[in-house]
Amino acid sequence: MTTIELKMPFLGFHRYIRRMVPQSWTEITGKQLIAISEVAPSQRSDEVSFLSSLTGLNKKIIKRLSPYVHYWIYKNLEFLTESEPCSHDFMIKELPGTRFIAPAQKLSRMSFGQFIFCESYYSDWMKSQEPEKLYRFVASLYLDKGERFNPDNIGLKVNTLKKVNIKILKAIAFNYSMVLRWLQKRYPMVFQEGKKQDYPELNKMMETSVWVKLFESLVGEDLIHRDLYADLPVHAVLKYLSRKYVDSIKN
């Protein structure tokens, strides 16, 4: 975080206003994430609202600042355009009006089964942009306090999620893409981060059907323990797959 300090005239005197501004994606708050996720190249964003969200300054103060000051604020936010959105954490910890909470840092308590459902609904949302797909994606990602992931609960949670501002749900989808990039960097052999030309047989690794096939290959004929395989930690499975691909290349 970096500190910005403004000297503002006030009743014939001056007052100093200090605010902390993020300098990396890992320092972004939930409110700031919503503002960032709303900015699209095809849309004209509200600069005042955007700067207010990123700096914590009142909109009236933002409007009073000169273009030169706006420029220097943006200079402190250059990481938004110069670095890849990547994080191992979710900025929106709890959905307002619900008991649904975000996954732990680094997906440390997520099962491989939950990961498959999240990937499936996230992929559907990205392709269709249908709100129903977004609701189901968040329902598979955010769990009730103390809840153990159960796909049968996804549909039951959708009605509750429909009461949440959709801007928040879209910000969560954007945040998930950041976590995916972190996973890609951690397990490049599995996700094939920018190396598709080197390993053409893994070109479709990010497709949901492949994740399902990977799960089926893990289970094999041991169908009686299918649920136990689904409950395996996602990192345990990704580490196993990474070792498997390394061994296959060596051989």
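Observations on the structure shown:
- Of the residues making up the range 88-107, those that are under 15 Å from the mean Cα position of the chain (by Cα) and small (G, A, S) are A102, A104.
- Of all residues in the range 70-91, exactly one satisfies the criterion of being surrounded by fewer than 14 Cβ atoms within 10 Å (Cβ to Cβ) and hydrophobic (A, V, I, L, M, F, W, C), namely W72.
- Residue in the range 187-202 that is modelled with pLDDT under 95, surrounded by fewer than 19 Cβ atoms within 10 Å (Cβ to Cβ) and closer than 22 Å to P96 by Cα present: no
- All positions within the range 119-167 that are farther than 23 Å from M178 by Cα, assigned to a loop (DSSP other than H, G, I, E, B) and open to solvent by less than 50 Å² (accessible area, probe 1.4 Å): E147
- Boolean, Y135 is more than 13 Å from the chain's Cα centre (by Cα), of a type in the set (S, T, Y), on the phi < 0 side of the Ramachandran plot and at pLDDT 95 or above: yes
- The lone criterion from (1) touching a Phe, Trp or Tyr at 6+ places or on another chain (Cβ under 6 Å); (2) open to solvent by less than 30 Å² (accessible area, probe 1.4 Å) left unmet by S24 is number (2).
- Given (1) modelled with pLDDT of 85 or more; (2) open to solvent by 90 Å² or more (accessible area, probe 1.4 Å), number of the condition S42 does not satisfy: (1)
- Yes/no for E94 being open to solvent by 100 Å² or more (accessible area, probe 1.4 Å) and closer than 30 Å to Q184 by Cβ: no
- Enumeration of residues in the range 101-118 that are among the hydrophobic types (A, V, I, L, M, F, W, C), in contact with a strand residue (DSSP E or B) (Cβ under 8 Å, 6 or more places away or on another chain) and open to solvent by 50 Å² or more (accessible area, probe 1.4 Å): I101
- Residues located in the range 157-178, provided they are farther than 16 Å from I101 by Cα and not basic (K, R): N159, I166, F174, S177, M178
The values are calculated or read from the model by the stated rules, or taken from the named source; none is laboratory data. Quick caveat, the model's predicted, so the values are computed rather than measured. Glycine also receives a Cβ, built like all others from the backbone with ideal geometry; neighbour counts cover every protein chain displayed. Accessible surface is based on the protein model in full, side chains and every heavy atom, while ligands, DNA and RNA are left aside. Shrake-Rupley method; radii C 1.70, N 1.55, O 1.52, S 1.80 Å.
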